[in-house]
Amino acid sequence: MKIIRAKDYKEMSGKAADIISAQVIQKSDSVLGLATGSTMLGLYEILISYYRNGDLDFSKVKTVNLDEYLGLHPSNPQSYRYYMDQNLFDHINILPENTHLPSGMVDDAEEECAAYDALIESLGGVDLQLLGLGLDGHIGFNEPGEAFIKESHCIMLDESTIKANSRFFDYEDDVPRHALTMGIGPIMNAKTVLLCVNGKTKASILKQVLFGPITPKVPGSILQLHPHLTVVADEEALLIDKF
Ligand code: F6R
């Protein structure tokens, strides 16, 4: 595991964007596993600026996102498809058909999850998986539970996740209670994993994830077993007295 300390959110975003661009430069047809949420906004902005400056070419890149809310149409501004289009895809030269998220608009969530796993496999797996960290230790929407779940699955979101994500919605009641998420399998099978964490509210869970027992009660703790894990975190998330 490699831990890269950044001064603040801006520096974290820059360091993470540099790792992703190095991946794309090295392998132009990389499969990137992507995430949404506030952590990623800064680094996506930087990737867009690299593209605009002519330093990055996404024409052969393929992406698979971690998750999507169940029941939200892609045109809904709270959907993760909308977020990805708005914050990255619409501003770079990636082919829309090369961008993938689970669909939240399905009758049969299980069937959609099985199809998503098959899709990831057909792409040859993920080269670089970008992850944020939930306050409860979730990665993707793999919430704390009794066992790590390998396959993509439909999950009931934890109260703490609903509360945390309500900042993106008008009312807490509007936050969907269910989501589809990539399972632990493709995340752990990714050739490299890049975990980005910022802010003091995440210091305690980050410490548990990186140095606590490996347990499905803290889903991100499984990352300790990944052979190529890079963590980019700001000073607040890496509070000296907690490490
Ligand atoms: C979102 C995702 C989540 C977020 C996590 C942190 O696609 O996979 O695991 O990374 O909830 O969210 P933020 O960055 O909003 O704190």
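The values are calculated or read from the model by the stated rules, or taken from the named source; none is laboratory data. What you are looking at is a predicted structure, and each value in this text was computed from that prediction instead of being measured. With ideal geometry, Cβ positions are generated from the backbone for all residues, glycine too; neighbour counts draw on all protein chains shown. Side chains are part of the model used for accessible areas, which takes the heavy atoms of the whole protein and leaves out ligands, DNA and RNA. Shrake-Rupley method; radii C 1.70, N 1.55, O 1.52, S 1.80 Å.
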Loop-resident sites, the range 137-186, for GluC sites (Glu not before Pro), counting at most 10 other Cβ within 10 Å (DSSP):
E146
Summed over the other residues with a beta carbon less than 11 angstrom from that of S103, with K and R at +1 and D and E at -1, the charge totals -4
How much accessible area per residue does the range 119-170 have, in Å², with a 1.4 Å probe?
46 Å²
P(r) of the range 2-242 over all Cα-Cα pairs, binned every 5 Å from zero, in whole percent
1, 7, 14, 20, 21, 19, 12, 5, 1, 0
The chain: relative contact order as a whole-number percent, Cα under 8 Å and 6+ apart:
25 percent
Residues with amide H under 5 Å from that of L131, placed H, sequence gap 5 or more:
L194, L195, C196
Based on the mean of other beta carbon atoms within 10 Å per residue, what is the order of 179-185, 18-24, most packed first?
179-185, 18-24
Hey, any idea what % of the chain's accessible area is carbon plus sulfur with a 1.4 Å probe?
52 percent
